[in-house]
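Asker: Sending over a structure as structure tokens; questions will come in a sec.
Where a number appears in this text, it was derived from the coordinates with a stated rule and is not lab data. Quick caveat: nothing in here was measured; it's all calculated off a predicted structure. As a convention, Cβ positions derive from the backbone with ideal geometry for all residues, glycine included, and neighbour counts pool all protein chains shown.
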Amino acid sequence: MKINKFLLPALLVLSIILVYFNSDDIVESKEVNIYTSRHYDADDLLYEQFTKKTGIKVNIISGKGSALIERLKAEGANSPGDVFFTVDAGNLANFQKQGYLQPIQSEAIKQVVPVELRGENDEWVAVAKRARVIFYNPELVNENEIKNINYEDLSKDTWKGKIVIRSSSNMYNQSLVSSLISNLGIEKTEEWAKGLVSNFYRKPQGNDRSQIMAVANKKASIAIANTYYIGIMLSGKGGQDQLNAANKVKIAFPNQGNRGTHINISGGGVLKYSPNRENAEKFLEFLLSQEAQNHIVNNTFEYPVLSTVRPHPLIENFGEFKMDKTSVADFGKYNPDAVKLMDRVNWQ
Ligand SMILES: [Fe+2]
């Protein structure tokens with residue numbers, strides 16, 4: 001009988017304790033789950049630095065964007081995902097459109113990331129920048145001929161059979177076309193794309209680095225590719241062939257006399273059902289810290305978002321240039337138009 005008398009209050013106390021420790025509002029676990037489609041080894045060190053600084057354990061779930069979307073779809077409201085971290089504004093916008101992100105609250109983040117480098121409703125932000133530029137072979141192209149070039153000029157007959165660029169299924173190209181749609185409208189961009197495709201040296205094949213190699217090997221005169229690849233190639237990380245090739249090409253930054261060179265981003269957002277949303281924002285804040293920005297630019301050869309951080313010397317050597325301030329959110333907005341347009345002009 002005595003046991004029953006104490007059992008009831010004891011159970012009540014126990015259940016209160018259990019509820020307390022299970023409530024997300026009161027106790028947030030010391031971990032953060034990051035869904036990422038970035039594939040840079042250097043990111044692992046970044047995660048380690050974050051843990052060292054905050055005591056928050058980082059769990060990585062990596063995969064292609066489409067695989068991560070499938071996973072999030074299956075997990076629904078029970079998803080353990082806190083952060084989505086990837087490359088290209090088009091990919092971030094795609095997650096947002098499908099409803100997998102939520103607005104970022106952190107004022108610290110909004111203070112350092114300019115509005116043009118954020119998604120709609122601040123659902124994602126840039127943590128690094130990359131420029132999509134022209135690589136040319138100075139033995140085939142006169143510097144004077146190219147130094148004032150605009151993307152718009154690439155459709156001119158002078159470049160017939162001289163241009164290499166990867167396929168239209170690549171998001172970097174879809175975002176470049178979206179930026180042109182944002183600035184010129186669909187009709188003019190379609191005319192341009194038609195001319196560009198008619199100037200291709202070959203049917204699009206390979207990645208950005210293959211295009212730069214084709215220019216170094218004098219197959220084509222100019223290639224369109226992202227800046228950080230030349231950093232990787234010049235660093236020797238890609239091997240001797242790539243290093244030799246990188247030394248044979250030069251960079252032209254398009255549209256310096258007007259809106260500036262096309263800029264894309266690496267970035268992240270907080271996932272809709274994030275169980276550790278404070279940690280998720282802390283992680284994004286960390287990526288925008290001086291320490292993390294230095295690490296990013298020195299390992300991925302991207303441009304920093306923080307104005308106090310310098311790019312890697314191999315990248316800084318190419319000089320300062322005017323960056324296009326077209327909102328990167330537009331790349332998501334116009335992506336469906338860009339994809340259809342590229343299809344119409346038979347950009348394979
Ligand atoms: Fe890339």
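Asker: Might you let me know whether region 128-146 holds any residue that is free of Cβ contacts under 8 Å to residues at least 24 places away in the same chain and closer than 28 Å to GLY206 by Cα?
Answerer: If we filter region 128-146 for residues that are free of Cβ contacts under 8 Å to residues at least 24 places away in the same chain, which is where we start, we get 142, 144-145.
Checking the rest, the ones that are also closer than 28 Å to GLY206 by Cα come to 142, 145.
Yes: one or more hits.
Asker: In region 198-231, what count of residues is obtained for those that are crowded, with 17+ Cβ neighbours inside 10 Å and assigned to a loop (DSSP other than H, G, I, E, B)?
Answerer: So the first thing to find is which residues in region 198-231 are crowded, with 17+ Cβ neighbours inside 10 Å, and the list is 199-201, 204, 208-209, 211-216, 220-231.
Subsequent filtering for residues that are assigned to a loop (DSSP other than H, G, I, E, B) retains 199, 201, 204, 220-221.
Selection size over region 198-231: 5.
Asker: Next question. Any residue in region 225-250 that's touching a residue at least 12 places away in the same chain (Cβ under 8 Å): show its pairings with residues that are more than 16 Å from the ligand (Cβ to nearest atom) and among the small types (Gly, Ala, Ser) at Cβ separation under 7 Å, as long as the two are six or more apart or on different chains.
Answerer: Here the result reads MET233/ALA245; ALA245/ALA216; LYS248/ALA216; VAL249/ALA216, each pair linking region 225-250 to a residue that is more than 16 Å from the ligand (Cβ to nearest atom) and among the small types (Gly, Ala, Ser).
Asker: Would you mind finding the one in ASN199, ASN207 that is of a type outside the set (D, E, K, R) and in contact with a Phe, Trp or Tyr (Cβ under 8 Å, 6 or more places away or on another chain)? Steps first, please.
Answerer: Details: ASN207 fails: in contact with a Phe, Trp or Tyr (Cβ under 8 Å, 6 or more places away or on another chain).
Matching residue, one of ASN199, ASN207: ASN199.
Asker: A further question follows. Counting just the residues of region 232-251 that are small (Gly, Ala, Ser) and crowded, with 19+ Cβ neighbours inside 10 Å, which one comes out farthest from ILE296 (Cα to Cα)?
Answerer: Just the residues of region 232-251 that are small (Gly, Ala, Ser), to begin with: 235-236, 238-239, 245-246.
Then keep just the ones that are crowded, with 19+ Cβ neighbours inside 10 Å; that gives 245-246.
Numbers: ALA245: 24, ALA246: 21 Å.
Among residues in region 232-251 that are small (Gly, Ala, Ser) and crowded, with 19+ Cβ neighbours inside 10 Å, the one farthest from ILE296 (Cα to Cα) is ALA245.
Asker: Please state which one of SER179, SER175 is in contact (Cβ under 8 Å) with a residue 24 or more places away in the chain, away from the ligand (no atom under 16 Å from the Cβ) and either hydroxyl-bearing (Ser, Thr, Tyr) or touching a helix residue (DSSP H, G or I) at 6+ places or on another chain (Cβ under 8 Å) (or both). Talk me through it step by step, then tell me what you get.
Answerer: Values: SER175 fails: away from the ligand (no atom under 16 Å from the Cβ).
Of the residues listed, the single one that is in contact (Cβ under 8 Å) with a residue 24 or more places away in the chain, away from the ligand (no atom under 16 Å from the Cβ) and either hydroxyl-bearing (Ser, Thr, Tyr) or touching a helix residue (DSSP H, G or I) at 6+ places or on another chain (Cβ under 8 Å) (or both) is SER179.
Asker: Determine which member of the set GLY238, GLY206 is at positive phi and within 13 Å of the ligand (Cβ to nearest atom).
Answerer: Exactly one residue qualifies, and that residue is GLY206.
Asker: I'd like to verify a number: residues in region 79-127 that are of a type in the set (Asp, Glu), touching a residue at least 60 places away in the same chain (Cβ under 8 Å) and out of contact with any Ser or Thr (no Cβ under 8 Å at 6 or more places or on another chain), how many?
Answerer: Our first condition is that a residue be of a type in the set (Asp, Glu); within region 79-127, this holds for 82, 88, 107, 116, 120, 122-123.
Narrowing further to those that are touching a residue at least 60 places away in the same chain (Cβ under 8 Å): 82, 88, 116, 120, 123.
If we keep only those that are out of contact with any Ser or Thr (no Cβ under 8 Å at 6 or more places or on another chain) too, we end up with 120, 123.
Count: 2.
Asker: Check ALA246, ALA216 and return the single one that is within 16 Å of the ligand (Cβ to nearest atom), among the hydrophobic types (A, V, I, L, M, F, W, C) and out of contact with any Phe, Trp or Tyr (no Cβ under 6 Å at 6 or more places or on another chain).
Answerer: Values: ALA216 fails: within 16 Å of the ligand (Cβ to nearest atom).
Of the residues listed, the single one that is within 16 Å of the ligand (Cβ to nearest atom), among the hydrophobic types (A, V, I, L, M, F, W, C) and out of contact with any Phe, Trp or Tyr (no Cβ under 6 Å at 6 or more places or on another chain) is ALA246.
Asker: Can you report the number of residues in region 136-162 which are part of a helix (DSSP H, G or I), surrounded by 12 or more Cβ atoms within 10 Å (Cβ to Cβ) and not aliphatic (A, V, I, L, M)? Spell out how you get there, then give the answer.
Answerer: Applying the first criterion (part of a helix (DSSP H, G or I)) to region 136-162 yields 143-146, 151-155, 157-159.
From what is left, the residues that are surrounded by 12 or more Cβ atoms within 10 Å (Cβ to Cβ) are 145-146, 151-155, 159.
In the following step, the residues that additionally are not aliphatic (A, V, I, L, M) were identified as 145, 151-153, 155, 159.
Matching residues across region 136-162 total 6.
Asker: Read through the list (1) more than 30 Å from TYR201 (Cα to Cα); (2) surrounded by fewer than 20 Cβ atoms within 10 Å (Cβ to Cβ); (3) in contact with a strand residue (DSSP E or B) (Cβ under 8 Å, 6 or more places away or on another chain), then give the number of the only condition that ASN279 fails.
Answerer: Condition (2) is where ASN279 drops out.
Asker: Now for a separate question. Applying the selection to region 123-159, what residues are under 19 Å from ASP208 (Cβ atoms) and within 16 Å of the ligand (Cβ to nearest atom)?
Answerer: ALA128, LYS129, ARG130, ALA131, ARG132, VAL133, PHE135
Asker: Might you let me know whether region 249-260 holds any residue that is out of contact with any His (no Cβ under 8 Å at 6 or more places or on another chain), of a type in the set (A, V, I, L, M, F, W, C), within 15 Å of the ligand (Cβ to nearest atom) and closer than 30 Å to ASN94 by Cα?
Answerer: No, there is no match, as no residue in region 249-260 is out of contact with any His (no Cβ under 8 Å at 6 or more places or on another chain), of a type in the set (A, V, I, L, M, F, W, C), within 15 Å of the ligand (Cβ to nearest atom) and closer than 30 Å to ASN94 by Cα.
Asker: Looking at region 219-231, which of the residues that are under 17 Å from ASN170 (Cβ atoms) and of a type in the set (Val, Ile, Thr) is nearest to the ligand (Cβ to nearest atom)?
Answerer: Per the stated criteria, the residue is THR227.
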